[in-house]
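Here's the structure, in C-alpha cells; my notes come after.
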There are 2 protein chains.
Amino acid sequence: MSAIRYVLLTLLVREPLSGYDIKQQMNSRIGPFWKVGSNQIYPTLSKLRADGYVKLQGVKLHEYRPARKLYEITEQGREALKQWTVESGGLGTIRDELLLKAYNLWLVDPAKMIVRVEEIKKQHEGILADYLAKVEELKPLRDSRLKMDPISSSVAVVEFGIQYEKLYIDWCNRLLAGMGDD
Amino acid sequence: MSAIRYVLLTLLVREPLSGYDIKQQMNSRIGPFWKVGSNQIYPTLSKLRADGYVKLQGVKLHEYRPARKLYEITEQGREALKQWTVESGGLGTIRDELLLKAYNLWLVDPAKMIVRVEEIKKQHEGILADYLAKVEELKPLRDSRLKMDPISSSVAVVEFGIQYEKLYIDWCNRLLAGMGDD
DNA sequence: AGCGTCATGTAAGGAGTTACATGATTTT
DNA sequence: AAAATCATGTAACTCCTTACATGACGCT
C-alpha cells in the first residue's frame, strides 16, 4: 500500500473528515512535509473505502452547503496504520531547488543571486512564524495526563519544522555573507 | 524546461561526464537532495542533446572498458543554466516517512517505535559522517584566489546537509527522550 | 447578477521508482 | 569459471503537478 493512503489515514484516525477537510489540513498541518492535491485525495478515499480501511459516516446535506462526504476510519484501517507506523521505511529526500542552485553559485552574478536568496529566506521566515504560532496554539491543548496524546505528536512534528526553518534561514544568511562584500 | 534537465547541466557545467558518471555523482554528491535513476538520465541526456544544451565529446572505446559516451555542455546549455539559477522557483518539500509516522506516535506501542527511531537515527549518523568526511576532503581543494569557485559552492551545499543531519539526529533524541522512561 | 468560497471530482502529462536487459571487462 | 563492476539503456507502473469542470450556497 502506498504512502498517500497512510497520509490520509493519519489524518482520519484522529477524526472523521471529508476530502475537502483533508485538503485543508494538508495545506496547514502537514504542509511542507507532504503535499497532496484533490486529484489524489478523492480517488484515494474511494480506494480506501473499497478496501475497507475507511467508511462513509454519512453525507450531510443539512448543516453544510453542498453535500459533504464524511469519511471515518475502520478498525481495519486503524490496525493497518498502526502497523505501517512501526514498520521500517526508506530515508527521506529534501527536494529543494535552491539547494541545487547553490551548486551553481560560482557561475552566476552574485548581485542577482543575492536577490533570489533574500526572497527565499523571507518565505522561510514566514513559514517559521506560522510554525511558532501553531506550536503555541497546540501546546495548551495537550493532555497532560497522557505521555503521548495526538496533540503532543503534532507538536513533535511542528518542532522539527521550526528547527528546519531556523537552519534554512541561518544557511541563507551564511550564503549571503559569503557572496556579499567581504 | 524541467528540473532534472538542470540537475544534469549542474553537473556537466563543471566537467564533461557520461551518463554513468552522472549517476555516480548523484549518489555521492547531490545524494539525499535529489535522486535520479538511469531511466531518467539517459533519455534526458538525449533530449538535452537534441535541443543543443549538450553535445557528445566523443565515444571513447579505448581507455575505458565498454563504450563510454562523454557529454559536454554547450554555450547554450551554460547560458540556460545560469538563467535558471537566478530565476525564482517554488519552495522545497521534505518527503520523509518518519516525519509522517511521528504524527501517529500516540497510537502505537512506544517500545516498537523506539526501535524504529533508533534505526533511522543510526542511518542519519552514517550520512552525517559521510558529509563530514566530504567537507574535509573538499576544503583544501578550494581556490583561495576566488570568492566563489565550484568547490566552495559544493561546500556550501554539503554544509547544509551537515546541519540538517545534526538537526535530524537531535530531533530523534528528543523523540526518544519523550517516549522513554520519564 | 456576479464574485467568492465550499465541495467533489476528472484529465493530461511529466516525474519518479523498481526492475529488468544486454554486454564488456576486471577481479577472485 | 564465476562474480563484481562498468556502462548503456528500456519497461511498467505509480506518483505528482497543474489545470480544468461542475454545481450549490452566501454575500454585496
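Taking beta carbons within 10 Å but only from partner chains, what does the mean come to for residues B:162-173?
Numbers: counts 0, 8, 7, 0, 2, 5, 5, 0, 2, 6, 1, 0.
If you average over the peptide's residues, the count of other-chain Cβ atoms is 3.
Two decimals is fine: what's Rg over Rh for the stretch A:1-57, C-alpha atoms, Kirkwood radius as Rh? Kindly include the intermediate steps, with their values, before the conclusion.
Details: Rg = 10.4 Å, Rh = 11.3 Å.
Radius of gyration over Kirkwood radius for the stretch A:1-57 works out to 0.92.
Once the label point is placed 7 Å from Cα along Cβ, list for B:Q24 the distances to the corresponding points in the other copies, in nm, shortest first.
5.4
For the protein assembly as shown, what mean projected area does the convex hull of the alpha carbons give, in nm²? Can you show the working numbers first?
On the way: hull surface 90.5 nm².
Hull-based average projected area comes out at 22.6 nm².
Test of understanding: in a Gaussian network model of chain B with alpha carbons linked when under 10 Å, which of B:G89, B:G19, B:G161 would top the mean-square fluctuation ranking?
B:G89
Using a 1.4 angstrom probe on heavy atoms only, work out the carbon and sulfur share of the accessible area of the stretch B:97-179 in %. Don't skip to the end; give the middle numbers.
Details: 2020 of 3650 Å².
After summing per-atom areas, the C and S share lands at 55 percent.
Calculated from DSSP H runs of 4 or more alone, at -39500 (n - 2.57) each and per residue, what is the 222 nm mean residue ellipticity of chain B, nearest 500?
On the way: 7 runs with 106 residues, N = 182.
Computed mean residue ellipticity for chain B: -19000 deg cm²/dmol.
Can you give the angle from 0 to 90° between the axis of helix B:3-12 and the longest principal axis of chain B, with both taken from C-alpha atoms, to the nearest 10?
With rounding to tens, the tilt is 60 degrees.
What value in Å³ per residue do you get for the convex hull of the alpha-carbon atoms in the stretch B:97-179? Numbers along the way, then the final one.
Numbers: hull volume 7.4 nm³, N = 83.
Measuring per residue, one finds 89 Å³ for the Cα hull of the stretch B:97-179.
What is the Cα convex hull volume of chain A when expressed per residue in Å³?
Details: hull volume 31.8 nm³, N = 182.
Taking the convex hull of the Cα positions in chain A, it is 175 Å³ per residue.
Shielding by partners for B:111-124, please: the mean number of other protein chain Cβ atoms within 10 Å of each residue's Cβ.
Details: counts 1, 5, 3, 1, 2, 5, 0, 0, 1, 5, 0, 0, 3, 2.
That average works out to 2.
Over 32 Å between Cα atoms, which of A:K166/B:K35; A:K134/B:K147; A:K47/B:K121 qualify? If you can, show how the numbers build up before the last one.
Values: A:K166/B:K35 25 Å; A:K134/B:K147 40 Å; A:K47/B:K121 34 Å.
The answer is A:K134/B:K147; A:K47/B:K121.
Per residue, how much accessible surface does the stretch B:97-179 expose to a 1.4 Å probe? Answer in Å², no decimals. Present the calculation step by step, with values, prior to reporting the outcome.
Details: 3650 Å² over 83 residues.
Solvent-accessible surface per residue comes out at 44 Å².
So, with +1 on the Cβ of K and R and -1 on the Cβ of D and E, and no other charges, what is the size of the charge dipole of the stretch A:97-179 about its Cα centre, to the nearest 20 debye?
Working: 12 positive and 13 negative charges, 30 e Å.
Once rounded to the nearest 20, the dipole reads 140 debye.
Can you give me the solvent accessible area of A:M148 with a 1.4 Å probe, rounded to the nearest 10 Å²?
50 Å²
What are the ³J(HN,Hα) values, in whole Hz, obtained from phi via the Karplus relation 6.51 cos²θ - 1.76 cosθ + 1.60 with θ = phi - 60°, for each residue of the stretch A:16-28 in sequence order, with x given for Gly and Pro?
x, 9, 9, x, 5, 4, 4, 4, 4, 5, 4, 4, 8
To the nearest whole number, what is the average tally of beta carbon atoms from other chains within 10 Å of the beta carbons of peptide A:134-146? Spell out each step's value before the answer.
Details: counts 0, 0, 0, 0, 0, 0, 0, 0, 0, 1, 0, 0, 1.
Mean shielding count: 0.
The values are calculated or read from the model by the stated rules, or taken from the named source; none is laboratory data. These numbers were taken from a predicted model, which means no experiment stands behind them. Because the Cβ atoms are built from the backbone with ideal geometry, glycine has one as well, and the counts that use them run over all protein chains shown. These area figures cover heavy atoms from the full protein model, side chains too; ligands, DNA and RNA do not enter into them. Shrake-Rupley method; radii C 1.70, N 1.55, O 1.52, S 1.80 Å.
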